[in-house]
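The values are calculated or read from the model by the stated rules, or taken from the named source; none is laboratory data. Please read all numbers here as calculations on a predicted model, not as lab measurements. Here the Cβ positions follow ideal geometry from the backbone for every residue, glycine too, while neighbour counts run over all protein chains shown.
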Amino acid sequence: MIKMNIERFIKARKALGLSQAELCDGICTQATLSKFENSGKAPAIRILTQLCARLSLTLDDVFPVNPPAQSQASELLDQAEFKLITSEYDSASTDLAGVNFSDLSTNGQMQYYFVKGYLTALLEKPIADALYYFNLILNDLDDTHSTIFTQLAYTGSGIAYSHNNENQKSEFFFQKVFDDLHTLPLNDNKAIWRALNMVFYTAQYFAHVKDYETSDSLLKYGYEICATNHVTYYSARICYRLAQNALAEGKPKSDVIDMVNDAKAFARMNNNQHLLEMIKADNWD
């Protein structure tokens, strides 16, 4: 029998200032939660998944003992997810190909499909393939829509439809994401990556439909997340998108160039060669 890390669960609840009643509201009875915390009597897996999601924990966090293959698979998945940030799509695809899917937990499977779906959409492969991966999350693995992967799947679906020039369908998904952007958990680096992912691509969509006011607002929110949490991975892309928006809005050229220079500086800091090449190709100098 696998030993559960109940202490981590309780610590996460208290760190968020939640009482047992507040945590279990709408998920299960307080008695069920109390039995779990006091005696280790685990509730149904669907209830446990929802409780963990509310605490920004995964099942892996409360079942910490994993076989070695899971650890290796998780490491490759994290590498692939991080490479989405710097647009190293081919390298991310290589990492993903090395993951043994049968070794993954439910949470790992959702991460796999999220990354696979994004790569499919961003590399502009058939839209049906991208939507297939996102639907596996939305309709099968997270059918109660209780984890962050639902929001990531909505974002990815929006990206796929946007790349396919189906703006009405794209807007449907990005609006779902937009409504929850300011309530996303930001309690660890991975959560921050994912929040920034959704903020950035939603902002990019609004720029695509020329709603620069909304796009700029989201980008500035994303930049604030980066600054507050000392995470610079998305700063370069945010600054560059702000520069592109500013140019489209007819703002002073000096302001635009300042934003481009900020994007270059952050890109060099994070070795984002893809963005540096893009800026050079756009010939801002």
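For segment 248-285, residues that are loosely packed, with under 13 Cβ neighbours inside 10 Å, at pLDDT 90 or above and not in a helix (DSSP H, G or I) total 2. With respect to the conditions (1) assigned to a helix (DSSP H, G or I); (2) of a type in the set (K, R); (3) more than 30 Å from L276 (Cβ to Cβ), K116 falls short on a single one, namely (3). Applying the condition of being crowded, with 22+ Cβ neighbours inside 10 Å and without any contact (Cβ under 8 Å) to a residue 40 or more places away in the chain to segment 225-236 and asking which residue is nearest to the chain's Cα centre (by Cα) yields S235.
Given the residues I127, I85, which is the only one that is of a type in the set (A, V, I, L, M, F, W, C) and touching a residue at least 40 places away in the same chain (Cβ under 8 Å)? Talk me through it step by step, then tell me what you get.
On the way: I127 fails: touching a residue at least 40 places away in the same chain (Cβ under 8 Å).
Of the residues listed, the single one that is of a type in the set (A, V, I, L, M, F, W, C) and touching a residue at least 40 places away in the same chain (Cβ under 8 Å) is I85.
The selection criterion, being hydroxyl-bearing (S, T, Y), closer than 23 Å to A236 by Cα and part of a helix (DSSP H, G or I), does not hold for Y154.
Based on this model, can you work out whether D143 counts as of a type in the set (D, E) and within 28 Å of L51 (Cα to Cα)? So D143 passes the test. Candidates are the residues of segment 140-164 that are of a type in the set (G, A, S) and at pLDDT 90 or above; the one that is surrounded by the fewest Cβ atoms within 10 Å (Cβ to Cβ) is S162.
Only one residue in D216, D211 is outside the structural domain of Q50 (by TED's automatic domain parsing), surrounded by fewer than 18 Cβ atoms within 10 Å (Cβ to Cβ) and of a type in the set (D, E, K, R), so which one is that?
Numbers: D216 fails: surrounded by fewer than 18 Cβ atoms within 10 Å (Cβ to Cβ).
Among D216, D211, only D211 is outside the structural domain of Q50 (by TED's automatic domain parsing), surrounded by fewer than 18 Cβ atoms within 10 Å (Cβ to Cβ) and of a type in the set (D, E, K, R).
Among all positions in segment 87-103, there is at least one residue which is touching a Phe, Trp or Tyr at 6+ places or on another chain (Cβ under 8 Å), surrounded by fewer than 17 Cβ atoms within 10 Å (Cβ to Cβ) and in the same structural domain as T120 (by TED's automatic domain parsing).
Scanning segment 1-34 for residues that are modelled with pLDDT of 85 or more and surrounded by 15 or more Cβ atoms within 10 Å (Cβ to Cβ) yields F9, I10, A12, R13, L18, Q20, L23, C24, I27, C28, T32, L33.
Answer yes or no as to whether S162 is within 22 Å of K83 (Cα to Cα), assigned by TED's automatic domain parsing to the domain that holds V99, in contact with a helix residue (DSSP H, G or I) (Cβ under 9 Å, 6 or more places away or on another chain) and outside any loop (DSSP other than H, G, I, E, B). So that I can check it myself, show each step before the final result.
Details: within 22 Å of K83 (Cα to Cα): yes; assigned by TED's automatic domain parsing to the domain that holds V99: yes; in contact with a helix residue (DSSP H, G or I) (Cβ under 9 Å, 6 or more places away or on another chain): yes; outside any loop (DSSP other than H, G, I, E, B): yes.
In short, yes.
Can we say N245 is farther than 30 Å from E166 by Cα and polar (S, T, N, Q)? So N245 does not fit the description; no. Restricting segment 182-213 to residues that are part of a helix (DSSP H, G or I), of a type in the set (S, T, N, Q) and in contact (Cβ under 8 Å) with a residue 12 or more places away in the chain, the residue that is farthest from S87 (Cα to Cα) is N189.
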